[in-house]
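Some notes on the structure that comes next.
Please treat every number below as a calculation from the coordinates, not as lab data. Note that the structure is predicted; figures quoted are calculated from it, not measured. Positions of Cβ are backbone-derived with ideal geometry, glycine not excepted, and every protein chain shown enters the neighbour counts.
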Amino acid sequence: MPVTLIDAGPLTALLNPNDEWHPSARETIDQLTGPFLTSEPVVTETLHLLRRDGCDADELFALAEAGIITIGLRFDDERAALRSLMRKYRSVPMSLADATLVRLSEMHRDSQVFTFDADFRIYRRNGNKVIPVLMPEE
């Protein structure tokens, strides 16, 4: 069974019932087996988006405490790889959160990224390999 990496968009939609993508995020999560790997930059972005929309961030902490989401890498350990990815995709541009998910996909060969971000159709892992994504139809 593949490991699912979760991006800020779906995580925010899951926790914000007023988000237009909430039903899609909930349906997708219900079909998957956790825990879901993510990164601290993704959590930070999610917290920012929830606060911007007037939502309480407590549920995000509850997901982490329940082991539903887990942090899959340490910045200090992956700094060189993250820097390299962000340089490679400077023209996109790539955020640190996106770089961490690409790096996690390299670390977990049997993984997929649950995202709403079309940039993941551009990014490649291990240089030239397509990253499997779970993304709503456009």
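Observations, loosely collected:
- Computed FRET value (nearest 0.05) for ASP56 with ASP119, which takes r as the C-beta separation and R₀ as 30 Å: 0.55
- The GLU65 and TRP21 beta-carbon pair, evaluated with R₀ = 30 Å, returns a calculated FRET efficiency of approximately 0.80.
- GluC sites (Glu not before Pro) restricted to DSSP loop in the range 45-137 with at most 16 other C-beta within 10 Å: GLU137
- The loop-placed trypsin sites (Lys or Arg not before Pro) in the range 1-104, going by DSSP, that have at most 11 neighbouring Cβ atoms within 10 Å of their Cβ come out as ARG74, ARG90.
- Theoretical gain in end-to-end length, THR33 to SER84 [0.36 nm per residue, Cα-Cα removed]: 15.3 nm
- Considering helices alone, the calculated mean residue ellipticity of the chain at 222 nm is -14000 deg cm²/dmol, with DSSP H runs of length four and up weighted by -39500 (n - 2.57) and normalised per residue.
- The stretch between HIS108 and THR44, if pulled fully straight at 0.36 nm per residue, gains 20.8 nm over its current Cα-Cα span.
- With Cα atoms, 0 to 90° folded angle of helix 40-52 axis to the chain main axis: 40 degrees
- Share, in percent, of DSSP beta bridges within the chain that are antiparallel, nearest 5: 15 percent
- Nearest-ten-degree value, helix 96-107 long axis tilted from longest Cα axis of the chain: 70 degrees
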